[in-house]
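Working notes, structure below.
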Amino acid sequence: MLKKIDHLGIAVHSIAEARHFYEAVLGLSCEKEEEVASQKVRTAFFSLGETHIELLEPTSDDSPIAKFLASRGEGLHHVAYRSTDVEEQLSQAKENGCQLIHETPIIGAGNKQVAFLHPKSSHGVLTEFCSGEEL
Ligand code: ZN
């Protein structure tokens, strides 16, 4: 079952440059920066109420984020929904005809279980399910 929007993922060329907007303009504070080797990204999380903004910067040219930036430029990359059971969420999506990027959850930022649905199955928005452990 989904509980809330956990975070919005935003692809950027440089967290060092992008954080000015989130800190100085929006007044948010960075809670955490973390490199996620499995995804070849560096992430920075900003808290706003019950949700977060996740900036994603590629750490290598074959990172999925590098490919996204090359084809679409900076911008909204994914919407992440907090789920009480990521595996159950995935099988429900699959039963309903969705194409999955991950058949089983992987470990993502903050040591959460995460899994992605293909954007072709979700009307153009890359969709993430993540488990509920707090950052
Ligand atoms: Zn995410």
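For this structure, a couple of remarks:
- Contact map, the stretch 113-127: residues that are more than 14 Å from the ligand (Cβ to nearest atom) paired with residues that are among the polar types (S, T, N, Q), Cβ distance under 7 Å, separation 6+ or inter-chain. Pairs shown: HIS118/GLN99; LYS120/GLN99; SER121/GLN99.
- Selection status of GLY97, open to solvent by less than 80 Å² (accessible area, probe 1.4 Å) and modelled with pLDDT under 95: no
- Total residues in the stretch 1-45, condition open to solvent by less than 70 Å² (accessible area, probe 1.4 Å), among the hydrophobic types (A, V, I, L, M, F, W, C) and within 13 Å of the ligand (Cβ to nearest atom): 7
- Cβ pairs under 6 Å, 6+ apart, first in the stretch 96-111 and under 22 Å from HIS123 (Cα atoms), second open to solvent by less than 50 Å² (accessible area, probe 1.4 Å) and assigned to a loop (DSSP other than H, G, I, E, B): GLN99/HIS118; ILE101/HIS118
The values are calculated or read from the model by the stated rules, or taken from the named source; none is laboratory data. Being a predicted model, the structure only gives us computed values, none of them experimental. When we count neighbours, we look across all protein chains shown, and the Cβ atoms used for this are built from the backbone with ideal geometry, even at glycine. Calculation scope for accessible area: heavy atoms of the full protein, side chains included, ligands and nucleic acids excluded. Shrake-Rupley method; radii C 1.70, N 1.55, O 1.52, S 1.80 Å.
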